[in-house]
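See below for the structure under consideration.
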Amino acid sequence: MDRVLSGMRPTGPLHLGHWLGALENWVRLQETHECFFMVADLHALMGEYENPADIRKNSVEMIVDWIACGINPSNIFIQSEISEHAELALMLGMLTPLGWLERNPTYKEQLREIQGRDLTTYGFLGYPVLQAADILLYKANKVPVGEDQLAHLELTREIIRRFRHLYKSSLFPEPEALLTKASKILGTDRRKMSKSYGNAINLSDSEQAIKKKIQSMITDPARIKASDPGHPDSCNVFSYYSMFSRDLVHDVRDWCTNAKKGCTDCKKNFSDVMVDFLRPVQKKREEIRDSMKDGTRYNVALKMLVGAGQQRAEKVAKGTMSEVKKILNMNQWIHEN
Ligand code: SF4
C-alpha cells in the first residue's frame, strides 16, 4: 500500500480553506493509503520562534479539529516529540548544497511577503531540508501537495538522489506528488482566506460568529438596491454556495439575476447552510473536548488524543534512523559494543 506523509503547522484555528485545501482530501486518502499526518510544530517554531508559547495550545486545537473532521487519531503524530526529525534534518543538511536552498522560489518571495517577523534565519532557509527529513523518515512515496509546493518536493527528490549517489544506497523511495487542487475559497473580504487577514470562517466558530462573518461578506459591487438584478458570478457569497450547497446554486442564480431576493436575505440563507455544514464537526469537537475533561494540561490532552498514532510514527522513524546511521557508519557502537 502506498504511504502518505502530510502535515500542517499549528499556528491558529483551522478554517474552511484548510478543510477544502487539505482535510477533505486526507479523510479520503485514509481509505486507500497508509497515512501519517504530522502536527508540524517544529515548522511552526520557524515563524513563531520569538513567541512559542501558543504552539502547544494550537497543536491541541488543531488535533481536535482534525479528529472532528474525520482524521483517524492513529494516523496523527506530533513532529517535535520524535527527535529523529531534527536528527535526520541535520544529517541531510550536511549534504544539501546551499545553492539549492537559496534558489527555492518561495524563499525570497516569503521573505518579502511576511511582514513584522525577522525570517532571515538559518531555520527558514533550511526548512525544505526539514521537510525532506519528515518525508524520508517514513519512506513516504506519495505526498499531497498544491502546485505551489511542487518545487519543495522536487528538492526532496534531489536530496534523495544525492544520498543515493554518495552512499550507494536505495534506502529512500523518490516520493511522488499527489496533486491537490488549490482551495479556491476566498476570505469574507475577497482576499486569500487567512487567519492573519481576519477574514476566515473557522471550523470552531460559534453560530453567532458564522452569521456575523457571512453578513459582512462583500457581494456583487454593482448591485446597489435589492431591486437591481445581480451578477452572481461576481459575488463571493455565490461562490460559497457553489462549494457548500451545489443543489441551491440554480435557485440562488435565479434569486439574484431576477432580483427576487436581496443580498441580506441571500446571506441569511447561506448562514443557515454554513451552520448546518459545520454542525457535525462542532458536535464531534464537543464530544472530544468532553472526553478530555481530565486533561487539564496540554501535554496530557495531547497524549490522550494521539498516543497510539505517536507510538506508531515513532517506531517507523526510529527504524529508518537506525538504517541511516548504519549507512553513514554512525550506528550506535558505544551501546552495541
Ligand atoms: S443575491 Fe446573493 S448571490 Fe446575488 S449578489 Fe446578493 S449575495 Fe450575491
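Looking across the range 137-153, just one residue is modelled with pLDDT of 95 or more and either exposed (fewer than 13 other Cβ atoms within 10 Å of the Cβ) or in a helix (DSSP H, G or I) (or both), and that is L137. Filtering G47, G17, G12 for residues that are of a type outside the set (D, E), in the same structural domain as T121 (by TED's automatic domain parsing), on the phi > 0 side of the Ramachandran plot and touching a residue at least 60 places away in the same chain (Cβ under 8 Å) leaves a single hit, G12. The set of residues from the range 170-218 being of a type in the set (V, I, T) and part of a loop (DSSP other than H, G, I, E, B) comprises T180, I185, T188, I201, I218. Report whether or not K184 is under 21 Å from the mean Cα position of the chain (by Cα), under 30 Å from K283 (Cα atoms) and not hydroxyl-bearing (S, T, Y). Here the answer is yes, as K184 does meet what is asked. When the helices (runs of 4 or more DSSP H) confined to the range 27-105 are screened for residues that are at pLDDT 95 or above, those reaching at least 2 such residues are found at 41-48, 55-69, 84-95. Looking across the range 221-236, just one residue is charged (D, E, K, R) and not in a loop (DSSP other than H, G, I, E, B), and that is D233. For the range 211-238, filtering for residues that are within 9 Å of the ligand (Cβ to nearest atom) and under 17 Å from H15 (Cα atoms) leaves 3. Residues in the range 262-308 that are part of a loop (DSSP other than H, G, I, E, B), of a type in the set (G, A, S) and away from the ligand (no atom under 16 Å from the Cβ): G295 only. Counting only residues that are farther than 15 Å from S271 by Cα, surrounded by fewer than 18 Cβ atoms within 10 Å (Cβ to Cβ) and in contact with a Ser or Thr (Cβ under 7 Å, 6 or more places away or on another chain), the range 223-256 holds 1 of them.
The values are calculated or read from the model by the stated rules, or taken from the named source; none is laboratory data. Just so you know, these numbers come straight off a predicted model, no measurement behind them. Please note: Cβ atoms are built from the backbone with ideal geometry, for glycine as well, and neighbour counts cover all protein chains shown.
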